[in-house]
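Asker: Right, I'll just put the structure down here and ask away after.
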Amino acid sequence: MTIEYLKRGKPEADRAADDAKTAEVVSATLHAIEMRGDAAVRELANRFDNYDRESYRLSPDEIDALIAKVGPQDMEDIRFAQEQVKKFAQAQRDSMTDIEVETLPGVVLGHKNIPVQSVGCYVPGGKFPMVASAHMSVATAAVAGVPRIVACTPPFNGEPNPAVIAAMHLGGAHEIYVLGGIQAVGAMAIGTQSIAPVHLLVGPGNAFVAEAKRQLFGRVGIDLFAGPTETMVIADETVDAEMCATDLLGQAEHGYNSPAVLLTNSRKLAEGTLAEIERILAILPTADTARVSWADYGEVILCDTYEEMLQVADDIASEHVQVMTDRDDWFLENMTCYGALFLGPRTNVANGDKVIGTNHTLPTKKAGRYTGGLWVGKFLKTHSYQKITTDAAAAEIGAYGSRLCLLEGFVGHAEQCNLRVRRYGGENVDYGAPAAVRG
């Protein structure tokens, strides 16, 4: 295999050191919230967002007043985007059926899909008001039937962002709080004097939010490890450098630590993209952010073959993978580790981020090796059940169960089975129980 890096990002050791510093800050902050509740949350909101109010929860009147500030076109666009997200989420929900099957005469097994009873949806918004994140978390939870949906978003320029609040409300949020960062996810998961804890945390965020969710996992469920956005462009000479550079920088503007990788088998395209990135950075309004991200986390990887590109792509397991080649469907068939695929030059990651209908909360930091992104199924728990409806089935299963429990040395377990054999099987069932536990 011949793989050449025409540009590398920050070394892994440096990235790991950054992660360790983040983890330390998060741990101390979550401890403060656990010990001091609302008082700690208020101090953190003042320190990090310079924002204070009597209650961080918005009242119905405040929500109505904020929604009234959203222009007609913006409201139409928000409704359109939510409709697309809900359509796809509903189709996913419809694919998840409850089942019940009789595996033996008199033995009935089944499962039910039950909504999580409360969810905390984090919607980023301190730097960019992430209107779309409300659709992805709140609206999808509503389609799943979650009975209590809590939504948090930080203030934007010192006040709640009207469009974000509108999207949360229209999506189905029952409680809306103007809180950001660690204090938001910590308050929702741990609970405070004024915020009842939730069962599940979902939504993207910066490195601190992602680490807070990681540390809170177990106390509550989380959707996935969704840290700073990542993008990969897999391209050959069927597309040009301008398109590749645009798609890379379009995601690099998210933050100062957003990995963006070009994976190609064309040296001409690789070198052209590097030059085109510099041209675009000279005119991009968000270049202050995108330039730092590209310098520290941007990579250009040159391979010889499509098979090599596939192997490298699966190893990196990027959150967003834009595929623009002469064999896009081949990558769809063969790729196994990623967040979401965007196939062909007519689509792009921004479509998925904002409007097309698939969910934009996706796995980062190689988590695509073991999980997909947020979807309606994340808000549902599949619970099994069993029942035995005949005496004969109770005796037959009990006899097998007794012998298998004794095989492992669990005499008490075996007696649970033996009791049913004695009650329902009559006198002549041989279930192998030792004399000491026979009735």
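The values are calculated or read from the model by the stated rules, or taken from the named source; none is laboratory data. Because the structure is predicted, anything quoted here is derived from the model rather than measured. All Cβ positions, glycine included, derive from the backbone under ideal geometry; neighbour counts span all protein chains shown. Accessible surface areas use protein heavy atoms only, side chains included; no ligands, DNA or RNA. Shrake-Rupley method; radii C 1.70, N 1.55, O 1.52, S 1.80 Å.
Asker: From the list TYR51, TYR56, exactly one residue is under 17 Å from ILE182 (Cα atoms), in contact (Cβ under 8 Å) with a residue 24 or more places away in the chain and either open to solvent by 50 Å² or more (accessible area, probe 1.4 Å) or out of contact with any Gly (no Cβ under 8 Å at 6 or more places or on another chain) (or both). Which is it?
Answerer: When all the criteria are applied, what remains is TYR56.
Asker: For the condition in contact with a Lys or Arg (Cβ under 8 Å, 6 or more places away or on another chain), among the acidic types (Asp, Glu) and open to solvent by 30 Å² or more (accessible area, probe 1.4 Å), what is the one hit in GLU242, GLU237?
Answerer: Residue meeting the stated conditions: GLU237.
Asker: Being touching a strand residue (DSSP E or B) at 6+ places or on another chain (Cβ under 8 Å) and at pLDDT 95 or above narrows it down to one residue among ARG57, ARG42; which is it?
Answerer: From the options ARG57, ARG42, the qualifying one is ARG57.
Asker: Quick check on my filter: what residues within region 210-227 are part of a loop (DSSP other than H, G, I, E, B) and either open to solvent by 20 Å² or more (accessible area, probe 1.4 Å) or over 25 Å from THR289 (Cα atoms) (or both)?
Answerer: Within region 210-227, GLY218, ARG219, ASP223, LEU224, PHE225 qualify.
Asker: Inside region 121-180, can you point out the residues that are touching a helix residue (DSSP H, G or I) at 6+ places or on another chain (Cβ under 6 Å), hydroxyl-bearing (Ser, Thr, Tyr) and either touching a residue at least 40 places away in the same chain (Cβ under 8 Å) or surrounded by fewer than 21 Cβ atoms within 10 Å (Cβ to Cβ) (or both)?
Answerer: TYR122, THR140
Asker: Let me ask something else. In this structure, is TRP330 of a type in the set (Phe, Trp, Tyr), over 25 Å from SER266 (Cβ atoms), open to solvent by 20 Å² or more (accessible area, probe 1.4 Å) and in contact with a helix residue (DSSP H, G or I) (Cβ under 8 Å, 6 or more places away or on another chain)?
Answerer: no
Asker: Right, here's the next one. Just a yes or no: is a residue in region 365-387 among the basic types (Lys, Arg) and in a loop (DSSP other than H, G, I, E, B)?
Answerer: Checked region 365-387: at least one residue is among the basic types (Lys, Arg) and in a loop (DSSP other than H, G, I, E, B).
Asker: Looking at THR22, THR29, which one is touching a Leu at 6+ places or on another chain (Cβ under 7 Å), within 29 Å of PRO129 (Cβ to Cβ) and among the polar types (S, T, N, Q)?
Answerer: Step by step, each of THR22, THR29 is checked, and only THR29 is touching a Leu at 6+ places or on another chain (Cβ under 7 Å), within 29 Å of PRO129 (Cβ to Cβ) and among the polar types (S, T, N, Q).
Asker: For region 190-208, enumerate the residues that are open to solvent by 50 Å² or more (accessible area, probe 1.4 Å) and either within 23 Å of ALA23 (Cβ to Cβ) or free of Cβ contacts under 8 Å to residues at least 60 places away in the same chain (or both).
Answerer: PRO197, ASN206, PHE208
Asker: Also: What are the residues in region 319-335 that are of a type outside the set (Val, Ile, Thr) and either over 16 Å from LEU248 (Cα atoms) or out of contact with any Cys (no Cβ under 9 Å at 6 or more places or on another chain) (or both), if any?
Answerer: GLU319, HIS320, ASP326, ARG327, ASP328, ASP329, TRP330, PHE331, LEU332, GLU333, ASN334, MET335, listed by residue number.
Asker: Kindly indicate the residue of region 246-291 that is part of a loop (DSSP other than H, G, I, E, B) and under 21 Å from LYS366 (Cβ atoms) and also modelled with the highest pLDDT among those meeting that condition.
Answerer: Step by step, filter region 246-291, then rank; the result is PRO259.
Asker: Report whether or not TRP375 is farther than 26 Å from GLU83 by Cα, open to solvent by 60 Å² or more (accessible area, probe 1.4 Å) and of a type in the set (Phe, Trp, Tyr).
Answerer: no
Asker: Now, a different point. Can you tell me how many residues in region 267-279 are among the aliphatic types (A, V, I, L, M) and open to solvent by less than 20 Å² (accessible area, probe 1.4 Å)?
Answerer: The qualifying residues number 3.
Asker: Further question on the same structure: Under 19 Å from ALA189 (Cβ atoms), buried (at least 18 other Cβ atoms within 10 Å of the Cβ) and hydrophobic (A, V, I, L, M, F, W, C), is that true of LEU30?
Answerer: yes
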